[in-house]
Amino acid sequence: MVRSYPRTPSSDREDAGRLRSEAAEAKHTAAMRAAGYEPLEPCPGNGKPWRSRHLPCGNIVSPRPAYLSAGRVGCAECAKESRRAIFQERAGGAGRAEADMRSVGLEPMEPYRNSQTP
């Protein structure tokens, strides 16, 4: 007599793999939302681009979950703004340029624009 089993060992492995991938997707989805992104499609994997909406600016971007967990910025536009703000803070802006000119006896003839414009 041959016994039939409702499940085979291979189907148990498949179920275990499916449960692991569902748990990983839930973990990645929670991490994306915590970083300010709303996923627009299912998780493709930890190291693959994941199409999402960046909630602070509304841009559609494709960050990798691994990059976000490493502390990197996924939105290029927000990264540019961040770098621009840091550069302006270091440069001191118009107030510092005018103060530097006045400290050596010069009077500005027009408003300061940026460090690249003469």
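Derivation of every value follows stated rules applied to the coordinates shown; laboratory data play no part. Remember, predicted model here, so these are calculated numbers, not experimental data. We place every Cβ from the backbone using ideal geometry, glycine too, and count neighbours over all the protein chains shown.
Summarising the label geometry, the points placed 7 Å from Cα in the beta-carbon direction at ARG51 and GLU89 lie 3.5 nm from one another. The label-point distance for SER69 and MET109, in a model that sets each label 7 Å from Cα toward Cβ, rounds to 5.9 nm.
The charge dipole of region 21-104, taken about the Cα centre with unit charges on the Cβ atoms of Lys, Arg (+1) and Asp, Glu (-1), comes to about 180 debye, rounded to the nearest 20. Taken over region 21-104, the percentage of Cα pairs per 5 Å bin, counting from 0 up to the bin with the maximum distance, is 3, 14, 21, 17, 10, 8, 7, 6, 5, 4, 3, 1, 0, 0.
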